[in-house]
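K.L.:
Mind having a look at this structure? Questions to follow.
The values are calculated or read from the model by the stated rules, or taken from the named source; none is laboratory data. These numbers come from a predicted model, not from an experiment. Note: ideal-geometry Cβ built from the backbone for every residue, glycine included; neighbour counts use all protein chains shown.
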Amino acid sequence: MPNPPAGSTPATAAPKFLRRGKVKEVYALSPTELEFRFTNDISVFDKHIPSEIPFKGETLTSTATHWFELCGRLGIPHHFLGRSGPTSMRVRRVEVVPQPRTLGPHPKNYLVPLEVIVRYYVAGSLLDRVKAGKVSPESLGFPSGKAVAYGDQLPQPMFEVTTKLEPIDRLLTEADALELSALDRRQFDSLKEMSLKIDAAMHQEIEPRGMIHVDGKKEYAIDPNGQLMVVDTFGTADEDRFWDRDAFARGRPVEFSKEFVRQHYRSIGYYDALTKARESNQPEPPIPPLPPLVIDEVSRLYTTVFQRLTGRPFAPGAGDK
């Protein structure tokens, strides 16, 4: 189903608050449209940080808009309908149910309850699992016995699927993903192909700007006609990881993603304490706020990522209305 142009006429119904996620609020505009309002909130390790990051919501909205416009040029269906303000956008509305099979034998118009992750380099949680012996070099396509290290380029893209609507994201086998999502094999393969096609186009666009796309996640839905479409947001510093190409060539990857925040909590011991609590089914320690200097640095990171990815300067308040 083709997407209407980004500048199409907004819905006129008074917005009705539906829910608040980790970083955005969702409002119903009509039976077929929603509005996403992006806040300055930030989360890591499925924990909401009690700190706000100036300009974060605006950069997320602008970056996501940029990539949905790319999808339009690629002919990839998506839910984006248009920008409605500096920190808001309108999108197609679908049903959100943890078990799509409850909608019938061939469900349509629903959020696929999966997060699809594609990795191109060894970093983040993948590196943690390699170090812990949970992921072998051979399973990643490396020769047997290779000492896998941070920054290694994977021999081929690595697909992972996690849950979407559970309190803590959980890795799934392909069989479990098919059962949970109510997708058939053809749809699941198409989901992978769409992810790779988008990533290839992103790489082509950001490589001349000195950026490397390390990994990223995407979410999908089935539209009313049974067609896959890209939903939520992707390609921002929240969902994806980027490195500076020149620094990487010198052997020192520089993070342009939320990984900067994760590393702060690793350095103060919070991540280890959280992991220990989760593994032993103990109460999770509350996550402390970010120090003011770190907040300033993270705010600069988000505006820099927007500029480096899109090639446009960041102008606060310049979002289309």
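K.L.:
Do we find that L154 is surrounded by 14 or more Cβ atoms within 10 Å (Cβ to Cβ) and assigned to a helix (DSSP H, G or I) in this structure?
P.N.:
no
K.L.:
Looking at the range 30-75, which of its residues are over 20 Å from F314 (Cβ atoms), hydrophobic (A, V, I, L, M, F, W, C) and buried (at least 19 other Cβ atoms within 10 Å of the Cβ)?
P.N.:
Selection gives L34, V44, F45, I49, C71.
K.L.:
If the Cβ limit is 7 Å and pairs must be 6+ apart or interchain, which residue in the range 115-143 that is farther than 15 Å from K217 by Cβ pairs with which residue that is among the aromatic types (F, W, Y) and in a loop (DSSP other than H, G, I, E, B)?
P.N.:
Between residues of the range 115-143 that are farther than 15 Å from K217 by Cβ and residues that are among the aromatic types (F, W, Y) and in a loop (DSSP other than H, G, I, E, B), the close pairs are V122/Y150; L127/Y150.
K.L.:
Being surrounded by 15 or more Cβ atoms within 10 Å (Cβ to Cβ), under 30 Å from V94 (Cβ atoms), at pLDDT 95 or above and not aliphatic (A, V, I, L, M), is that true of even one residue in the range 199-211?
P.N.:
The answer is yes; a qualifying residue exists.
K.L.:
Condition check: surrounded by fewer than 17 Cβ atoms within 10 Å (Cβ to Cβ), touching a residue at least 24 places away in the same chain (Cβ under 8 Å), over 16 Å from G124 (Cβ atoms) and not small (G, A, S). Does D223 satisfy that?
P.N.:
So D223 fails the test.
K.L.:
Would you confirm, using the coordinates I've provided, whether E166 is surrounded by fewer than 16 Cβ atoms within 10 Å (Cβ to Cβ), within 22 Å of the chain's Cα centre (by Cα) and either without any contact (Cβ under 8 Å) to a residue 40 or more places away in the chain or not in a strand (DSSP E or B) (or both)?
P.N.:
Here the answer is yes, as E166 does meet what is asked.
K.L.:
For the range 13-43, how many residues are aliphatic (A, V, I, L, M), under 19 Å from the mean Cα position of the chain (by Cα) and at pLDDT below 95?
P.N.:
1
K.L.:
Spot the failing condition for E35; the list is (1) charged (D, E, K, R); (2) within 26 Å of M194 (Cβ to Cβ); (3) in contact (Cβ under 8 Å) with a residue 60 or more places away in the chain, and only one is missed.
P.N.:
(3)
K.L.:
Can I ask one more? With the requirement that a residue be among the hydroxyl-bearing types (S, T, Y) and under 18 Å from L228 (Cα atoms), what does the range 67-98 give you?
P.N.:
Listed by number, the list is empty, since nothing qualifies.
K.L.:
Check K276 against each of (1) surrounded by 15 or more Cβ atoms within 10 Å (Cβ to Cβ); (2) modelled with pLDDT of 95 or more and name the one condition it does not meet.
P.N.:
K276 satisfies every listed condition except (1).
K.L.:
Shifting gears a bit: Only residues that are of a type in the set (A, V, I, L, M) and either surrounded by fewer than 17 Cβ atoms within 10 Å (Cβ to Cβ) or closer than 19 Å to P208 by Cα (or both): list them for the range 289-317, please.
P.N.:
L293, V294, V305, L309, A315
K.L.:
Collect the residues in the range 239-256 that are more than 20 Å from the chain's Cα centre (by Cα) and charged (D, E, K, R), keeping them in residue-number order.
P.N.:
Answer for the range 239-256, where residues must be more than 20 Å from the chain's Cα centre (by Cα) and charged (D, E, K, R): R245, D246, R250, R252.
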